[in-house]
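Structure record follows, encoded as structure tokens.
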Ligand code: GLN
């Protein structure tokens, strides 16, 4: 049986009903990885031995008739900016090339408690900065739908692993779209939770006021399942919110009759590739046909999103990345004259071009004399962007638009033009700036058979509604 092709809920069912063993699941997926990984290059580290050991533990539990966790026997890939105790965690950066964390992230603990099986660490843009995986210090990941194209980023490794059946579930992180955009490019589902729903403890920080860990999967229900496991209060993260966690799977098949859907008029304009516009518009019609009420709304400040995001994110990054000084963590230059020279050489050798660009930009934006003109101004605009959403949600329950304005592009096509690359994030960054939940769900294939994703944005902590709308669309496409 090709177990790697099954979705998570199916695998769990088969295991719980003793139709298959966890060992079979793990062996099967690693056989498939051996064949597929050389072309796709989704992983930076594979943890086959650990996975087999975990499989043994779970199979023993089954033998003893013990109760199994929600993720029993499911192979899961983890983005390599999430700490895994004893397993190398690189952030796809030379500066952390040999970093072995002494502790695991909160989400890793939760996955293990629920009997999930971690099979490896996936590629990303260095420190999650990028939209194509091309900023990884360890090589680019290829889009399984067309190997000459990027898988999106920064969680491109996780998305590509899912799209090529080299993982059944995956974890990504999303600061300005890094779960949703690669999900869109690879034709899978990815959800960025409300800020504070999932603990950031053990997620290596990029921009702390924007970062969220999110679930990625082949189906909407599997996404809900993984969210169920990772959501919840954690005292180790001061921004973690104490809130009741609903049952995300229950009610996911609900009808959406009467639901009010807002389509921001700024989101389906000329700048969006024609095929993307067509498929998103078609999906909106589908939702209308099955009972939703569609209204056009406006988010007047959306055009300032990219500028605001790239000031806030780089400012926070410049501060967060100051810790890589050659002393505390990771790489240290060997040949230096004094302390300052050691800092400078370690950082110059250890960071890639994009990370350096952002540290410089952020340091500039925060420097005295420019702070008011850039950083402070960006915070004010951030508030206006949030207000746009608050106003919209007075009249509608969810917002819908494209996840990305463009189709997956060719490897090398945009890498020399940072501004062009930043513009890919036009529809995702405002959601992070506002702390809201958003999901990307596949809505079609272009003429060249490239996946197109649609984004659904919800009210704070209303992940249930966006999952239900995503499922309604998925059901219709089936
Ligand atoms: N592409 C965006 C950036 O480069 C988003 C990254 C992310 O969400 N981690 O910053």
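Read the figures in this text as sums done on the coordinates, not as results from a lab. Bear in mind that the values here come from a model prediction, so they are computed numbers and not experimental data. Please note: Cβ atoms are built from the backbone with ideal geometry, for glycine as well, and neighbour counts cover all protein chains shown.
All C-alpha pair distances within region 20-123, sorted into 10 Å bins from zero, spread as 15, 45, 32, 8, 1 percent across the bins. For the chain, the antiparallel share of DSSP beta bridges with both residues in that region comes to about 65%.
Helical content alone sets the calculated 222 nm signal of the chain at -12000 deg cm²/dmol, taking -39,500 (n - 2.57) per DSSP H segment of four or more residues and averaging over every residue. Computed from the Cβ-Cβ distance with R0 of 35 Å, the FRET efficiency linking residue 307 to residue 260 stands at 0.70. Modelled this way, with points 7 Å down the Cα-to-C-beta line, the labels at residue 391 and residue 448 are 3.8 nm from one another. If you bin all the Cα-Cα distances of region 164-299 at 5 Å, starting from zero, the percentages per bin are 2, 9, 14, 17, 19, 19, 13, 6, 2, 0. A Förster distance of 51 Å, applied to the separation of the beta-carbon atoms of residue 273 and residue 66, puts the FRET efficiency at 0.50.
Projected over all directions and averaged, the alpha-carbon convex hull of region 115-218 occupies 6.1 nm².
Here the scattering of region 74-153 is modelled by Debye summation over its C-alpha atoms, one equal scatterer each and no solvent; at q = 0.13, 0.25, 0.26 Å⁻¹ the log10 of I(q)/I(0) is -0.43, -1.13, -1.16. Computed extension length for residue 245-residue 282: 10.0 nm, one decimal, from 0.36 nm per residue of separation with the Cα-Cα distance subtracted. Computed over the alpha carbons of region 117-169, Rg followed by Dmax gives 10.2, 31 Å.
Mean projection of the Cα convex hull over all viewing directions, computed for the chain: 22.0 nm².
Here the simple spin-label model places points 7 Å from the Cα toward Cβ, and for residue 476 and residue 19 these points are separated by 3.0 nm.
In plain terms, the chain from residue 416 to residue 253 could stretch by 54.2 nm, reckoned as 0.36 nm per residue minus the Cα-Cα distance. The stretch between residue 35 and residue 88, if pulled fully straight at 0.36 nm per residue, gains 16.8 nm over its current Cα-Cα span.
Modelled this way, with points 7 Å down the Cα-to-C-beta line, the labels at residue 290 and residue 103 are 4.3 nm from one another. Can you give the FRET efficiency for residue 335 and residue 363, using 1/(1 + (r/R0)^6), R0 = 35 Å, r = Cβ-Cβ distance, to the nearest 0.05? It comes to 0.85. Could you work out how far the C-alpha centroid of region 54-90 sits from that of region 201-250, in angstrom? Going from one Cα centre to the other spans 18 Å.
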